[in-house]
Amino acid sequence: MTVYYTATSVDGFIADPDNALDWLLEVDREGPGPFGEFFAGVGAMCVGATSYEWMLAHVRPEQWREYYGDTPCWVFTHRDVPTVPGANLMFVSGSVAPVHETMVTTAGGRGVWLVGGGELVGQFYDAGLLDEVRVNVAPVFLGAGAPLLPRRLLSSTVRLSQVSRDGQFAHLTYRIGRYARK
């Protein structure tokens, strides 16, 4: 299953107008939340260049392996970005479909995590490759910024399948496309 797992403000932004996530790190959680269980089932992941650069700015290189282990990560970019020594990174550009095929094969039956950003995830949706959206809604209103998923998805292709709470976060899981009918 290919899953977009992310956090958003109540008004639907995954980053503020400066592509910052400081607002997110200030929100109280009760525990580790559902991410640990989710990530245990991930066999491959991908991220866009802007999200990747934010990660690099906030994660020391030695922490990359602590957080993501040996999980293969494809970074979609059209520019040169730094690498993380010892991380299992592949830098790619172009259509998401052939990269997705490689990611699924590499994942070996485990999940594929679309880290973000929203436009990259939208390309997976456009190609019919997005199965689920898991979003942690923070009690924050940003007013502007990077949208959660800059596509028009209507209830005919989106179904709420799970709701839970983690401190101040509402965790929502939506099935997409063919999975919305199950």
Condition set touching a Lys or Arg at 6+ places or on another chain (Cβ under 9 Å), farther than 22 Å from Asp28 by Cα and of a type in the set (Gly, Ala, Ser), scope the range 144-182, selection modelled with the highest pLDDT: answer is Ser161
Would you check if there is a residue in the range 48-59 being at pLDDT 95 or above and assigned to a strand (DSSP E or B)? yes
Does at least one position in the range 68-77 carry a residue that is out of contact with any strand residue (DSSP E or B) (no Cβ under 7 Å at 6 or more places or on another chain), surrounded by fewer than 21 Cβ atoms within 10 Å (Cβ to Cβ) and within 24 Å of Asp11 (Cβ to Cβ)? no
Out of all the residues in the range 99-148, which are among the basic types (Lys, Arg) and crowded, with 16+ Cβ neighbours inside 10 Å? Arg134
Among (1) without any contact (Cβ under 8 Å) to a residue 60 or more places away in the chain; (2) buried (at least 16 other Cβ atoms within 10 Å of the Cβ); (3) part of a helix (DSSP H, G or I); (4) aliphatic (A, V, I, L, M), which single condition is Leu24 missing? (1)
Given the criteria touching a residue at least 60 places away in the same chain (Cβ under 8 Å), over 19 Å from Val135 (Cβ atoms) and open to solvent by less than 70 Å² (accessible area, probe 1.4 Å), does Gly43 qualify? yes
Filter the range 159-180 down to residues that are open to solvent by less than 60 Å² (accessible area, probe 1.4 Å) and over 17 Å from the mean Cα position of the chain (by Cα), then give me how many there are. 6
Find the residue count for the range 135-182, including only residues that are of a type in the set (S, T, N, Q), part of a strand (DSSP E or B) and under 24 Å from Phe124 (Cα atoms). 4
Among the candidates Phe39, Phe91, single out the residue that is modelled with pLDDT of 95 or more and in a helix (DSSP H, G or I). Phe39
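The values are calculated or read from the model by the stated rules, or taken from the named source; none is laboratory data. Note that the coordinates shown come from a computational prediction; the quantities given were computed from them, not determined experimentally. Virtual Cβ from ideal backbone geometry, glycine too; neighbours counted across all protein chains shown. When the accessible area is computed, the model is the full protein with side chains, heavy atoms only, and any ligands, DNA or RNA have been set aside. Shrake-Rupley method; radii C 1.70, N 1.55, O 1.52, S 1.80 Å.
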